[in-house]
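One structure below.
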Amino acid sequence: MSVERTFSIIKPDAVAAGHAGAILAAVEQAGFKVLAMRMTRLTQAQAQGFYAVHREKPFFAGLVKFMTEGPLIVLALERENAIAKWRETMGATNPANAAEGTIRKRFAANVERNCVHGSDAPETAETELRFFFSTSELL
Ligand code: UDP
Ligand code: MG
C-alpha cells in the first residue's frame, strides 16, 4: 500500500453541533496527516456540482439543502491507503449500519445528516481535492 490522499468534509450538522474538534481528533488518531483544511460555506451551485453524480437520486434536493445550510470544513488528508481507511473510519453512510466507534456511529443523526464525507476512489479523491484546494495548498 502506498501513501495516498483523500478528500473529506466535516458537514454542516457536525460543525453546528460542536463535533468538529472530536472529529479532527478522530482523524489524527486514525493516523491521517492534515495536508490542508478550511472552513467555508457552499453555494447551491457548488453543492449541486460537488454531488452531481447523485443528481437523479430522490435525496438530491434534500442533500443540497443540507450541505448549504451552514458552515462546513473541507480537509485534504494523507496516509497509507487513505481512501479506504478514511471510509472505514467514517463508517457506513447510514449510521444505523455503521460499526461501533466509527464517526458516523458516534455523531450522525440519520442517512442524510451523517457528519462527514469521504472520497470513494482515487479518481474521485483527486477531482474532489481539486474542487476545493489549489496545487499550492496541497504541497
Ligand atoms: N444521502 C441521503 N440519503 C440517502 C443516501 C445518501 O441523504 O439515501 C446523502 C448522505 O449525506 C450521503 C450523501 O448523500 O453521505 C452521498 O451519498 P453516498 O451514497 O455517496 O454516501 P457516502 O459516500 O457519503 O457514504
Ligand atoms: Mg459517496
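Here is how the numbers come out for the structure above:
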{"quantity": "Pairs, first in a loop (DSSP other than H, G, I, E, B) in region 110-139, second within 12 Å of ligand 2 (Cβ to nearest atom) and of a type in the set (Asp, Glu), C-beta under 8 Å, six or more apart", "calculated": "Ser119/Glu128"}
{"quantity": "Criterion: more than 14 Å from Phe7 (Cα to Cα) and touching a helix residue (DSSP H, G or I) at 6+ places or on another chain (Cβ under 8 Å) - qualifying residue of Phe50, Phe66", "calculated": "Phe66"}
{"quantity": "Of the criteria (1) within 19 Å of Ser2 (Cβ to Cβ); (2) crowded, with 16+ Cβ neighbours inside 10 Å; (3) more than 13 Å from ligand 1 (Cβ to nearest atom), which one Lys33 fails", "calculated": "(2)"}
{"quantity": "Single residue of region 127-139 satisfying the filter (within 15 Å of ligand 2 (Cβ to nearest atom) and within 15 Å of Glu4 (Cβ to Cβ)) that is surrounded by the fewest Cβ atoms within 10 Å (Cβ to Cβ)", "calculated": "Thr127"}
{"quantity": "Failed criterion for Leu75 (all others in (1) under 17 Å from Thr124 (Cβ atoms); (2) in contact with a Gly (Cβ under 9 Å, 6 or more places away or on another chain); (3) of a type outside the set (Gly, Ala, Ser) hold)", "calculated": "(2)"}
{"quantity": "Region 86-125, residues that are near ligand 1 (Cβ under 9 Å from one of its atoms) and among the basic types (Lys, Arg)", "calculated": "Arg87, Arg104, Arg113"}
{"quantity": "Tally of residues being on the phi > 0 side of the Ramachandran plot and without any contact (Cβ under 8 Å) to a residue 40 or more places away in the chain across region 30-46", "calculated": "0"}
{"quantity": "Residue, nearest to ligand 2 (Cβ to nearest atom), within region 95-120, restricted to residues that are closer than 15 Å to Ala14 by Cα and surrounded by fewer than 16 Cβ atoms within 10 Å (Cβ to Cβ)", "calculated": "Val111"}
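Values quoted throughout were computed directly from the atomic coordinates according to the rules given, and no laboratory measurement underlies them. Given the structure is predicted, the values throughout are model-derived calculations rather than measurements. Reconstructed Cβ throughout: ideal geometry from the backbone, glycine too, with neighbour counts over all protein chains shown.
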